[in-house]
Amino acid sequence: MTATRSLALALMQFSRRLARLLTSQGALLLLFSLALFASFRYETFLTPVNLMNIMRQNSMLAIVALGMTVVILSGGIDLSVGALVALGGVVAAMLAPQGSLTAIVGGIASTTLFGVVNGLLVSRARLQPFVVTLFTASAARGLALSITQEKSIAVSSAASVLVWLGRGFIGPVPVPVLMVALLYFAAWFMLHKSLLGLHIFAVGDNEEASRLMGVNPDRVKLAAYTISGLLSGLAGVVLAGRLGAGQPVAAFGWETDAIAAAVMGGTFLGGGQGSVFPTLVGVLLLGMMYNLLNLEGTITPWWQLVLRGGFLLLVVIFQQRIAQRV
């Protein structure tokens with residue numbers, strides 16, 4: 001009887017440890033499994049050109065998803081990031097004739113202002129983040145379409161550094177990929193080694209308890225949404241440099257992909273739990289899915305959306321089920 005109880009206890013402990021592993025590293029395990037499958041099915045998948053293409057094409061989404069992760073950790077959500085990417089790229093392209101510095105700073109400043117507005121409306125006006133950011137998403141997209149008259153704005157040759165941000169290389173590595181690496185390391189340090197990061201986790205986990213501990217939730221939320229707006233603008237600037245134009249219709253649906261990447265990486269939508277590097281794994285997983293569907297070649301773009309959405313839903317359900325067992 002004692003041996004049976006010991007075995008049952010050991011199995012229970014193993015199950016909990018496995019659940020914790022899958023919760024924290026499930027996206028990474030799935031990424032490696034998908035990569036292993038693809039390496040056998042597609043000859044061109046493991047080529048350096050294809051792998052670097054996946055990372056470069058998804059670097060802008062990775063920057064947006066980083067800001068989204070910070071907001072979700074604070075207990076919020078930001079549905080305006082896709083529109084802010086478009087606005088940042090458009091503003092940068094319009095300011096490009098005045099030089100790279102003006103274009104880059106202008107593009108980022110315009111979206112950072114929207115991030116501040118989001119933060120103030122959520123923290124001071126006590127409005128729901130979903131409603132606030134849905135409104136600012138509509139406003140930012142409308143502004144981008146209005147100032148461009150619904151046309152793409154070519155990036156002037158005077159903004160060579162702006163173009164370099166999107167298309168340049170440092171050695172064999174694309175500039176956007178290096179930028180993503182630096183930003184994620186900086187964000188990890190901020191979240192896990194700074195007082196602001198501690199406060200972000202505290203507010204996201206329990207806002208009232210954090211207030212009793214002396215934390216100012218209003219300032220934390222304002223900082224989180226400002227960071228998200230700034231990073232969205234940076235992604236828009238890089239995208240404009242890569243495309244050679246600011247496009248007011250760019251980044252449609254990126255808010256959904258950013259949320260999906262964060263959730264697949266183990267960040268809980270309720271806030272307070274998660275980290276940034278698993279989000280990056282989620283972005284790479286999304287990018288790999290697109291890449292494999294393109295390599296397959298027999299699936300129409302519309303069915304790609306259906307399959308991708310179904311796959312994301314299964315991953316999220318799996319993550320939630322595992323999390324309930326921890």
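The values are calculated or read from the model by the stated rules, or taken from the named source; none is laboratory data. None of these values were measured; they are calculated from a predicted model. Cβ placement follows ideal geometry from the backbone for every residue including glycine, while neighbour counts extend to all protein chains displayed. For the accessible areas, the whole protein counts, side chains as well, though only heavy atoms, and no ligand, DNA or RNA atoms are used. Shrake-Rupley method; radii C 1.70, N 1.55, O 1.52, S 1.80 Å.
Assorted remarks:
- Search result, residues across segment 44-79 that are of a type outside the set (A, V, I, L, M), in a helix (DSSP H, G or I) and open to solvent by less than 30 Å² (accessible area, probe 1.4 Å): N50, S59, G67, T69
- Residue check for L269: open to solvent by 10 Å² or more (accessible area, probe 1.4 Å) and within 21 Å of A181 (Cα to Cα): no
- Residue-level check: of (1) outside any helix (DSSP H, G or I); (2) open to solvent by 60 Å² or more (accessible area, probe 1.4 Å); (3) at pLDDT 95 or above, G214 misses just (3).
- Residue within segment 80-102 that is in a loop (DSSP other than H, G, I, E, B) and under 21 Å from the mean Cα position of the chain (by Cα) present: yes
- Meets criteria (of a type in the set (A, V, I, L, M) and without any contact (Cβ under 8 Å) to a residue 40 or more places away in the chain) for L34: no
- When T298 is tested against (1) modelled with pLDDT under 95; (2) open to solvent by less than 40 Å² (accessible area, probe 1.4 Å); (3) among the polar types (S, T, N, Q), exactly one condition is not met: (2).
- The residue pairs whose first member lies in segment 178-189 and is assigned to a helix (DSSP H, G or I), whose second member is open to solvent by 60 Å² or more (accessible area, probe 1.4 Å), and whose beta carbons are closer than 7 Å, counting only pairs six or more residues apart or on different chains, are L178/I170; Y184/F277; W188/F277.
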